[in-house]
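Presented below is the structure to which this report refers.
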Amino acid sequence: MSQQASSEKHIVERGLHAERGRHRAVQRAFFLFLSLLVQLPAVPADAGLSDSQISQMVIKDSVSSFPGSCACPYTKAANGGECGKASAWNTAGEYAPLCYPADVDKDALKAYRLQHGL
């Protein structure tokens, strides 16, 4: 193979490699977009949700973001029983999950509505 043909082959290979790189970048961006889209609230912004409905959403988010299995007294422990007094809600510590509507104050409702466009 001549030097010119080898050089042209190298240029084509670099172009293909760059194209694959761009394709992968587009794939990554697409999957990132989809993952962000999935995290958007499933409720339209004009749904006119009540404070009670928003409160339940705040509680659900609080419990689901807890790293363990015993966020609230009514959640199930690893052994299948209720967490009860062993829950993070009942014990002093790093986490203070919101488990009941009374735990969700007006400021939390307002912040949730703003954060989620409700």
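Can you count the Lys pairs in segment 51-116 with C-alpha separation below 18 Å, eight or more apart or on different chains? Mind showing how you got there, number by number?
On the way: Lys60/Lys76; Lys60/Lys106; Lys60/Lys110; Lys76/Lys85.
Lysine pairs meeting both conditions in segment 51-116 amount to 4.
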Counting sequence-distant residues (5 or more places) and residues on other chains, those with an amide H built under 5 Å from that of Glu82 are Ala77
Along segment 75-85, Karplus-curve 3J(HN,Hα) (6.51, -1.76, 1.60; θ = phi - 60°) to the nearest Hz, with x for Gly and Pro, reads 6, 8, 7, 4, 7, x, x, 6, 5, x, 5
How many nm is it between the label spots at Lys110 and Asn90, if each spot is 7 Å from the Cα in line with the beta carbon? 3.4
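All of the numbers you see were taken from the coordinates with simple rules; none came from a lab. Note that the coordinates shown come from a computational prediction; the quantities given were computed from them, not determined experimentally. Cβ: placed from backbone, ideal geometry, glycine included. Neighbour counts: every protein chain shown.
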